1. Pick from Phe36, Phe53: which is open to solvent by less than 10 Å² (accessible area, probe 1.4 Å), among the aromatic types (Phe, Trp, Tyr), free of Cβ contacts under 8 Å to residues at least 60 places away in the same chain and farther than 27 Å from Val157 by Cβ?
2. From His111, His160, His171, which residue is open to solvent by less than 60 Å² (accessible area, probe 1.4 Å) and part of a loop (DSSP other than H, G, I, E, B)?
3. Run down Phe142, Phe179 and say which single residue is part of a helix (DSSP H, G or I) and within 22 Å of the chain's Cα centre (by Cα).
4. Would you check which residues across segment 254-273 are touching a helix residue (DSSP H, G or I) at 6+ places or on another chain (Cβ under 6 Å), closer than 20 Å to Asp27 by Cα and not in a loop (DSSP other than H, G, I, E, B) and list them?
5. Condition first: open to solvent by less than 60 Å² (accessible area, probe 1.4 Å) and part of a loop (DSSP other than H, G, I, E, B). Now tell me which residues in segment 294-325 satisfy that.
6. Could you please give the count of residues in segment 80-105 that are within 16 Å of Glu144 (Cα to Cα), open to solvent by 20 Å² or more (accessible area, probe 1.4 Å) and either in contact with a Phe, Trp or Tyr (Cβ under 9 Å, 6 or more places away or on another chain) or of a type in the set (D, E, K, R) (or both)?
7. Please enumerate the residues belonging to segment 288-300 that are out of contact with any strand residue (DSSP E or B) (no Cβ under 7 Å at 6 or more places or on another chain), free of Cβ contacts under 8 Å to residues at least 40 places away in the same chain and either among the hydroxyl-bearing types (Ser, Thr, Tyr) or within 21 Å of Leu7 (Cβ to Cβ) (or both).
Amino acid sequence: MIKKVELEITSDCNAACPGCARTLNKDLLQIQSFTFEDLKRIFPADDYTGVIFKFCGVLGDPIVNPDCLKMVEWLVYNGGYCEISTNGGYNTADWWRRLGQLASTYPGRVHIHFCIDGHKETNHIYRVNTKWKIVERNIAAFAETAPDQHATWIYIVFDHNEHEIDVAKQHAEQVGFMFATRTSMRNNYYQWIAQVGKKNQKIEKRITTTGTKEHSKKEVVQEIDNFIKDYKQDKISNDKKQEMLDSIVCKYIHESEIFIASDLTLWPCCFLWDSAFKNKEGIKDKLNQFDPNWNNLAYRTIDEILQHKWYKEILAASWEPVHPLHFTRCIRTCAKNKAYHNKINYAVK
């Protein structure tokens, strides 16, 4: 039984975060969204009690999809629990009040993750194109109709925004939100260059680095990277290889989670969709050996796709480095008990 569904309901976004796949791969990006009717077809009226629906994705911000509110309403009406991850800088104050009212109507079934990486001075440096006045207005509008901790302010810590953590935390407490800092492994490996518009039309380039908040598992991930390099050079013993493969925690196989992309294709996780979007390791070419649209929900149901041999047999077997459909992404991202994954640290009051 599927316990969690991540929904990328659009690849559109109001922001241009420098570390985002859509910003880094503009030549590959196609704006695609699925509709409320698509969602109802995939998830018809039923009892979804115990199922978590996470509106997030790789490429877009869910609230940019005009059907987002109707989708959330449908899923919670049918018993589901909905999380929405958003930069908070889009839609009207009235839209946010309606979402807050929905959260209050279904207590404990709707939660918003406001991904706001800074405060008035700095949020726009990474969340490029967002406007603080709009973010602040939308926070207030949601809190007005959902006053009882239906939201968390999640703050990626960079060197340029560390000095605003306390003021952001205080702001979150004032509107009744929880507050958490986030460390991302990608941010430990790369320095994103943010291009920040100025009033005189010049562009200020800011390099975003992680400051003092490095990911706690960075050394473990470096160990995984060394493993991948060594097995490609045939320098790994069978025991070491098996130890690494046994440490993989797969979102689909071990945690009963699936990912639905904005083009309606179904994946075991957001990471393999990210690889497919970029065609890393020739993933599209390798999977093209299967029937056309074999994992597309415009043509097949979730159950039909999950009965496909790639899900039933090949996925777990492909973690073996010599397998013809092996993708290093599975090892790098989910080995060592998901060491690569983001870490969320909630503030203690």
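The values are calculated or read from the model by the stated rules, or taken from the named source; none is laboratory data. Given the structure is predicted, the values throughout are model-derived calculations rather than measurements. When we count neighbours, we look across all protein chains shown, and the Cβ atoms used for this are built from the backbone with ideal geometry, even at glycine. Ligands, DNA and RNA are excluded from the accessible area calculation, which covers all protein heavy atoms including side chains. Shrake-Rupley method; radii C 1.70, N 1.55, O 1.52, S 1.80 Å.
1. Values: Phe36 fails: open to solvent by less than 10 Å² (accessible area, probe 1.4 Å).
Phe53 is the lone residue from the list that is open to solvent by less than 10 Å² (accessible area, probe 1.4 Å), among the aromatic types (Phe, Trp, Tyr), free of Cβ contacts under 8 Å to residues at least 60 places away in the same chain and farther than 27 Å from Val157 by Cβ.
2. Testing whether each residue is open to solvent by less than 60 Å² (accessible area, probe 1.4 Å) and part of a loop (DSSP other than H, G, I, E, B) leaves just His160.
3. Every option except Phe142 fails the conditions.
4. The answer is Phe271, and nothing else.
5. Kept after step one, since they are open to solvent by less than 60 Å² (accessible area, probe 1.4 Å), are these residues of segment 294-325: 294-298, 302, 305-306, 308, 310-311, 314-321, 323, 325.
If the condition is that a residue be open to solvent by less than 60 Å² (accessible area, probe 1.4 Å) and part of a loop (DSSP other than H, G, I, E, B), then Trp294, Asn295, Leu297, Ala298, His308, Ser318, Trp319, Glu320, Pro321, His323, Leu325 are the ones that fit.
6. Counting residues in segment 80-105 that are within 16 Å of Glu144 (Cα to Cα), open to solvent by 20 Å² or more (accessible area, probe 1.4 Å) and either in contact with a Phe, Trp or Tyr (Cβ under 9 Å, 6 or more places away or on another chain) or of a type in the set (D, E, K, R) (or both) gives 3.
7. Once the filter is applied, which keeps residues that are out of contact with any strand residue (DSSP E or B) (no Cβ under 7 Å at 6 or more places or on another chain), free of Cβ contacts under 8 Å to residues at least 40 places away in the same chain and either among the hydroxyl-bearing types (Ser, Thr, Tyr) or within 21 Å of Leu7 (Cβ to Cβ) (or both), segment 288-300 yields Asn293, Trp294, Tyr299, Arg300.
Here is a yes/no grid of residues against (1) in a loop (DSSP other than H, G, I, E, B); (2) surrounded by 17 or more Cβ atoms within 10 Å (Cβ to Cβ):
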residue	(1), (2)
Leu245	no, no
Ile248	yes, yes
Tyr252	yes, yes
Asp291	yes, no
